[in-house]
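Provided herewith is a single structure, encoded as structure tokens, for subsequent inquiry.
Only the coordinates and a few stated rules stand behind these numbers; no lab work does. Remember, it's a predicted structure, so these values are computed and weren't measured experimentally. Cβ coordinates were reconstructed from backbone atoms using ideal geometry, including for glycine residues, and neighbour counts include every protein chain displayed.
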Amino acid sequence: MEQLTTIGLNHYLTISAFLLGFGLFAVMTRKNAIVVLMGVELILNAANINFLAFSKYNGGMEGVMFALFVIVIAAAEAAIALAIVINIYKIFKSVDVSSIDTLKE
Amino acid sequence: MSNTTYTVIFYLFAAITVCSAAFVVFTRNVIYSAFSLLFTFFGAAALYVFLSADFIAVTQVVVYVGGILVLLLFGVMFTNSIMQTGQKSEVLHIIPGTLLLIAMIGAMLYTIYTTHTWMPSETMLQGSIVERIGFETMSRYVLPFEMVSILLLAALIGAAFLARFDKPGK
Amino acid sequence: MLSLIVFLPIIAGLVILAVPSSQKQIIRIVSLLAALAQGVLAVLIWRGYDPALPGITAGPGGSPLGSFQFVEKIPWISLHLGGFGSLNIEYFLGVDGISITMVILTALISAIGVLSSWTIQKQVKGYFILYNLLASAMMGCFVALDFFLFYVFWEVMLLPMYFLIGIWGGPNREYAAIKFFLYTLFGSVFMLLVMIGLYFSVLDPVTGNHTFSLVAMATQSNYIKDAILGPDNVFWRYVAFIVLFIGFAIKVPMFPFHTWLPDAHVEAPTPISVILAGVLLKLGTYGMIRINFPLFPEVFHAGMYVIGIFGAINIIYGAFCALAQKDLKKMVAYSSISHMGYVLLGLSAGNSEGMVGALYQMFNHGTITAMLFLLVGVIYDRAHTRQIEKFGGLASYMPVYAAVVTVAWFASLGLPGLSGFISEAFVFVGAFSSVTTRPIAMVSVLGIVFGAAYLLWSLQRMFLGQRKQDAAYDLVVGEDGHEHIHFHDWHGKLDLDGRELAMLVPLVVITIFLGIYPMPVLGMITTSINKLVQVLSPVVLSQM
Amino acid sequence: MHSLIQLSIVVLLLPLLSFVILIFFNRRLPRRGDFIGVGILGTAFAISAYIFWSVIVQTYDPAFRIAWDFTWIDLGNVPGVGPLQIKMGIVIDNLTAIMLAMVTLISLLVHLYSTGYMAGDKNYGRYFAFLGIFTFSMLGIVLSDNLFAIYIFWELVGLSSYLLIGFFFEKQSAADAQKKAFLANRVGDIGMWLGILILYSQFHTFSFEQIYANLAAGKFGLSHGWLTAAGILLFMGCVGKSAQFPLHVWLPDAMEGPTPVSALIHAATMVAAGVYFVARIFVLLTPDALHVIAFTGACTAFMAATIAITQNDIKRVLAYSTVSQLGYMVLGLGVGAYSAALFHLVTHAFFKACLFLGSGAIIHAMHHEQDMRWMGDLRKKMPWTFATFTLATLALAGLPLTSGFMSKDAILAGAIGFAKVEGGGIYYLIPVLGFFSAMLTAFYMGRQIWLVFFGESRTHLKPADDHHQDHHAHASHDAHSDDHHEEHGVHEVSWNMRAPLVILAALSIFFVYSPDPLDGGKGWFMKMIQTPATVVGEANHQIGDLRTASVTSALAEVVPAVEAPAVEAGAHGEAQKGGHGEAQKGAHTYSDVRQAEIVHAGHAAHFTAIYISSIMVLLGITLAFVVYVFNIIDPEKTAIAIRPLYLFSLNKWYWDEIYEATFIKGSMLIANILSWFDTHIVDGIVNGVATLVRKFAYLNDGFDRNIVDGMVNFTAFTVNTTGAMLRKLQTGKVQTYVVMLLLAVFGYFVFYLTRLIY
């Protein structure tokens, strides 16, 4: 009971674990490229949560700064990814990732 | 405020975050997942506040909700004809996916809860850290900061270039 | 020099490989240029050749220098076989009086063959690549002085020939090609065995280890006495000689082994027939002169009589078969069997006159028979048939063609003033001068008459008299009021066109010139032949 | 090099030049370049006339002989023989000079004549080219100093005769005739070639001079029989070329050629080349060989004469008379009447050429009518032709005051002498046949004269169809046979055809050769051409037994006759460098006995011969008159009375049929059998072996495919399937890769955990 009431590091880690899991699941299973991107965002958020949690309980600024950078990178990544998705759509007339299997060749 | 309310609010936000994330993943409708992603981000921002990283939380809201999410919605609207409601996005290898989902989460939780107990340091972050972030950014992390900004610029230009409709040579 | 002349066509083949197969004209021109360059080189070699050096055996000090010319001798393959010692194969080229004429002949015939290949339309690229490969191999056979190298060229030559007949040939081409291939392969397998046997019985006097060098093999003192083919093993030496002889006799072709020739000729396209009759047949007799006889002189002496008999059989049998043929090309094929019989007869004489005659006959048969096959090809292109009965009275309508045919036909039947006569005359002179072959010579003289018979008869049936009823062409009255003939689906010039003249005129000129003044060729071969006769002499001369 | 040699080389090469020019350029030249042929031949004749003048007239020497040679082929230092060269050369002696002049003159006349006769033919230019190459090769035979060269030119005249016989090659008969001529000559040439080989194999040289020297020195390695064989084989060349029995069949058919060609080649020069050749090799002929030659000649003379009686084609009659006269010459050589035979050669050349050209004129005027039965009464229409033709006929028949008379009688006298010397018996058959043939000659020539020139014209009697088909046969090749009909337009021929007739006729009168119309021996010819000394020893010559009878006496009186050969041989000896001159003399001192006897006996029999032959000739002529002029005997009735003989003669003794049945059919049969053997037996064996091998190959292939190849294929199969399965994973879908990645990560994760725990 004491475990539950006093919020500790484990709680945050658990949440981020769930987010990571869900993100991976999206990346694995979803055919829609947009949804895949969302999964990626989830994964990033999970990472961010971990960073911040550890830096809080460790008392350093490193985690914080890194989270900041991660957010910036995520923004850039989202922009590029969206652009790519749109290009894919232009070329393949679909955002169905499974139909884009030119890697096979 | 009391410790109990603190705990309750934390669980609330945690629940919002996880559930909305789950909804993002499991719903078939792209629009729904996009909007529920909004909640996930808000929840995450709240959790950041709990982690006494208020600046990060604000940034999270601004960047994610204001930027990325809008981008995602634009993407959705570009690629799917928005008019017909219910853009079903099919799934593939659902079985390995779910198995892995459960397995990963299970495994991580197992490790987290069984391996060792964390021992937090004495000096935890307390109160607002905006000021310290400013110091750090300008002093210790100035080089990464500049690099990130250049990277961001490049990314924007690149995105603009890629997403342009009339390509020369087409 | 020799390497260049040997590998020039292969280089041309590689160039052609790079040319897109749609560029037929470029392909043809490239190979023509290569052939002409080969001819130029041949002329250079001819001019640079010193008739005073005999060849055949090693010069003073056991080295080929001072006896052979244009020698190129570098170690090629050298393997250590443990117990067997080391296997030394040399890249060893050189010419002497025996091969020089054949080199010139090969260059000439290859060039003319290219010209006559101009009409080939099917898979031009592949055709010319194979053709150039063939040309290289032939040339290599004539200049190779290392038995192994000779064998390699011999085998390489086989393959393009097989495809050239089997792909570009007539209706029954597969059969003919396979027959040719198997026959020749049959011969060369034995050659391989003998070659290995010789390798282990011969020591190079200079280096002192085993060698494939024909020059070293030609000197009896280089043999290990008790080796498998050493002087002591009389039995095996006889076996080796016979086996080797059969190998070459198949190429000649000699009587029982000759049946591949008519088929191959009838099926092969004209240029390939030209090459086949002009050069390949000579390889058989050349091999005998270069390898069989000097390596086993005593067996040769014992076998002179038999060789002579086979020669006589070839002469008369071939003439009779030619007399009976209905297909013009088949007749020419049998005629070349008959004419190669003269070569065998001359060789069997074992004296200078006979052997000079034989070698000269090889050269002349090359030019004359090439001419015959070209002429057959000319009429076949126009009429799409070679049945002698389908023609008649052509002389009135194709005067130039008739004139060239007359020259060729008379050259083939050995009319004085044309080169064929001198060689046949020398063959008979030699065969008659040697006591051993005198009766054979008396019999084979009949070949002169029957040769004249079938040639004149075909000449009359095709060119003289009037057009036959079922002729392969119709009589039309031209606008100038004169009668002309018209071949079905032939739109070219009725009489010989420029390309055909370009092929035929040089041969005609050579035939006439060498018939009036043979020394340019004879002068090169006499020294070597005299040397060869000396090599064979201690046994031969005692009989004469 | 002697100037005459140089001139003779020029003479030799001029006609070749004419050939080369005309064969290539005749269509570009005006008049198809016939003037070139005539002009060049004129030059050649002028030069050879000069040679004749300076040899015969200026240096009036029986032993005149100049020679020159060059190395043609150098065989180097031949083992067992030493340095060996094959030389070509030219020899000029009296005979050569005479032949040279004769050949060029007749050739010139024929060229001239042809400008009229062949005018308008579509191959006019080619015709003169062929005449040119023929003249070249004929002169080559005349001038050559060795067997090899003679053989070469021998074949070349064969070629040119082939070309000229088949000049109208559209006619099947002409094509057959030319082939027949060439092949018959080839058969003869084989023998000649073998004879040459026999001599070469002993002496390794072809030159007459050296061969004779070696023979005289007794260096002949083989038995004497071989020598006789060599002689007879060499003579076979003459048999073929001079149309002697049994190879005479080609000459009558050769009349398919244009008539001037028949005059030049098949009457005057080429067929005489055989006789000339025998004269060249005369000295190496053993007595046995000479006997064979003599009998061959006699048979030929007689047989041809009998055939000529019944022929109707004007040219065939002349052809057979040519064969018969050639028989005379050969007979003369055989009996050793050397100079007489050559004398007859020359005289015959002129009057026979005249006869042929005359017949050509007649045929020309009659628009290619060759059958005497439809001629007649041309005497007034063609006076010139009539006169010359008759004169030549008299010469051929051998009436006094003509050249033929002298030469023929010299031969017959020699024959009688020969028979005497050989001791009578069978040998008398030769003069008897000779005289009988003389009578027959007179008879059939009289018949010809009468049928052609006298009586009334029988042109209209000709059966229409026959004549039309005949007319048509010629229409194909003749430009001016399509004009006016036979009845009108029979007229004397133009000057360029008349002049040769006159010249040739003039040359067949006696005083050209000898002041004494009764004895050619007094003439320059017989003086210039002396019997050479034989070089074959009198070994095996059966003179021994009859020495007792006549030789001693003969030798006593024969000395003057012997002188000539002795002188000649001596001069010969000096003329030749090298030491075999003495050997020659030594040879002749004993070996001339026989010839001396023959010459002597011939002289003795001279007048006998004259009497007999004159009687025979008159007999023949009277018979002709009796039959054809006064019609006391009706030829048709006689023909029916003696039908078998008549047919036998009409069908030329069935020689053609015999050869057709035996040699031609036979060789074709052999040819077919052999080619069947080739395709079915030899090739059959090959294919049989092939099939056997293939059968075995099938068995082997079954084993191979099922067992050996089975394993291989199994391996390949397994590899293939696994590959296929693995390929499934390679979907190209990024997400699949992600799944796998995570699987791998999870796997490592679990592994790590277990390591961590335990």
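Considering only Cα-Cα distances, which of the following residue pairs are longer than 19 Å: A:LYS93/D:LYS733; D:LYS408/D:LYS652; C:LYS330/D:LYS695; D:LYS122/D:LYS462; C:LYS330/C:LYS468; D:LYS241/D:LYS527?
Where the Cα-Cα span goes over 19 Å, the pairs concerned are D:LYS408/D:LYS652; C:LYS330/D:LYS695; D:LYS122/D:LYS462; C:LYS330/C:LYS468; D:LYS241/D:LYS527.
Separate question: Once each part is reduced to its C-alpha centroid, what is the distance from segment D:619-651 to segment C:441-477 in angstrom?
42
Now, a different point. Any idea what angle helix C:328-349 forms with the longest principal axis of chain C, computed on alpha-carbon atoms, 0 to 90 degrees, nearest 10?
Taking the Cα atoms of chain C, the angle to C:328-349 is about 30 degrees.
For the protein assembly as shown, build the charge dipole from Cβ charges (+1 Lys, Arg; -1 Asp, Glu) around the Cα centre, then report which of D:LEU285, D:ALA149, C:VAL400 sits farthest towards its positive end.
The listed residue farthest towards the positive side: C:VAL400.
Which order results if D:LYS87, D:LYS637 are arranged by neighbouring Cβ count within 10 Å, fewest first?
D:LYS637, D:LYS87
Membrane-span-like helices in chain B: DSSP H runs reaching 18 Å or more (Cα, own axis), mean Kyte hydropathy at least -1.0?
In chain B, the long hydrophobic H runs are B:3-26, B:30-50, B:94-114, B:142-163.
Now for a separate question. Among D:TRP250, C:TRP490, which comes first, then next, by fewest other beta-carbon atoms within 10 Å?
So the ranking, lowest neighbour count to highest, is C:TRP490, D:TRP250.
Moving to a separate point now. So what's the angle, to the nearest 10 degrees on a 0 to 90 scale, between helix D:552-575 and the longest Cα principal axis of chain D?
Long axis of D:552-575 versus the principal axis of chain D: about 50 degrees.
Once you sort the root eigenvalues of the Cα gyration tensor of the protein assembly as shown as a ≥ b ≥ c, which label holds: rounded (a/c under 1.5), prolate (a/b larger than b/c) or oblate (the other case)?
It is prolate, given that a/c is not under 1.5 and a/b is the larger ratio.
Here is a follow-up. Please compute, for peptide D:147-158, the average count of beta-carbon atoms on other protein chains lying within 10 Å of each residue's beta-carbon.
The mean count of partner-chain Cβ atoms within 10 Å per residue comes to 3.
Tell me the angle of helix D:94-117 to the major Cα principal axis of chain D, expressed in degrees between 0 and 90 and rounded to the nearest ten.
80
Same structure, new question: With r defined as the distance between the Cβ atoms of C:LEU192 and D:LEU17 and R0 fixed at 45 Å, what FRET efficiency is calculated, to the nearest 0.05?
The pair C:LEU192/D:LEU17 has a calculated efficiency of 0.20.
Which of the listed residues, A:ILE91, A:GLY60, A:ILE71, is farthest toward the dipole's positive end in the protein assembly as shown, when Lys, Arg count +1 and Asp, Glu count -1 at the beta-carbon?
A:GLY60
Quick check: residue separation of D:ARG379 and D:VAL745 times 0.36 nm, minus the Cα distance between them. What number comes out in nm?
Length gained, D:ARG379 through D:VAL745: 118.3 nm.
Just add up the charged neighbours of D:TYR124: K/R +1, D/E -1, any other residue whose Cβ is under 11 Å from the Cβ of D:TYR124.
My count for the surroundings of D:TYR124 gives +3.
Evaluate the distance, in nm, between pseudo-label points positioned 7 Å from the Cα of D:GLU636 and of D:VAL10 along their respective Cα→Cβ axes.
My value for the distance between the label points is 6.2 nm.
In debye, nearest 20, what is the charge dipole magnitude of the protein assembly as shown about its Cα centre with +1 on Lys and Arg Cβ and -1 on Asp and Glu Cβ, if you could check?
2400
While we're here: Determine the relative contact order of segment C:2-543: mean sequence separation of Cα pairs under 8 Å and six or more apart, normalised by residue count, in whole percent.
15 percent.
Tell me which residues come under 5 Å, amide H to amide H, from C:GLU72 once H is placed; ignore anything under 5 positions away on its chain.
Close amide H contacts, sequence-distant or interchain: C:LEU93, C:GLY94.
Also: Over chain D, what is the relative contact order in percent, taking alpha-carbon pairs closer than 8 angstrom and at least six residues apart?
Computed value for chain D: 13 percent relative contact order.
Say R0 is 51 Å: what FRET efficiency, to the nearest 0.05, do C:ALA18 and B:ASP54 get from their beta-carbon distance?
Taking R0 as 51 Å, the efficiency between C:ALA18 and B:ASP54 is 0.10.
Using the Cα gyration tensor of segment A:7-92, with a ≥ b ≥ c the square roots of its eigenvalues, what is the shape: rounded (a/c below 1.5), prolate (a/b larger than b/c) or oblate (neither)?
In terms of gyration-tensor shape, oblate.
Let me ask something additional. Which of D:PRO260, D:ALA101, D:ASN700 sits closest to the plus end of the dipole of chain D, meaning its Cα is farthest towards the positive end, when Lys and Arg get +1 and Asp and Glu get -1 on the C-beta?
D:ASN700
Could you list D:VAL689, D:VAL502 so that the one with the fewest beta carbons within 10 Å of its beta carbon is first and the one with the most is last?
D:VAL689, D:VAL502
Distance between the C-alpha centers of segment D:122-143 and segment C:144-163? Whole Å please.
If you average the Cα positions of each part, the centres end up 49 Å apart.
How high is the FRET efficiency between C:HIS80 and D:VAL693 when r is their beta carbon distance and R₀ equals 56 Å, given to the nearest 0.05?
Step by step, r from the Cβ atoms, then E = 0.90.
7 Å from Cα along Cα→Cβ at both B:ILE150 and D:THR662: what's the point-to-point distance in nm?
The modelled label-to-label distance comes out at 11.8 nm.
Only Cα pairs under 8 Å and at least 6 apart count here; give the relative contact order of chain B as a rounded whole percent.
The normalised contact order for chain B reaches 20 percent.
Within segment C:266-283, what residues put their amide N at less than 19 Å from the label point 7 Å along the Cα-to-Cβ vector of C:ASP381?
C:266-278
Rounded to the nearest 20 Debye, what is the dipole magnitude of segment C:1-142 about its Cα centre when Lys and Arg each give +1 and Asp and Glu each give -1 at the C-beta?
Rounded to the nearest 20 debye, it is 580 debye.
Grab the other residues whose beta carbon is less than 12 angstrom from that of C:LEU328, score K and R as +1, D and E as -1, and report the net.
+4
Could I ask something else about it? Return the distance in nm (one decimal) between the two label points of a simple spin-label model at D:ILE673 and D:PHE607, each offset 7 Å from Cα along Cα→Cβ.
Rounded to a tenth, the inter-label distance reads 6.3 nm.
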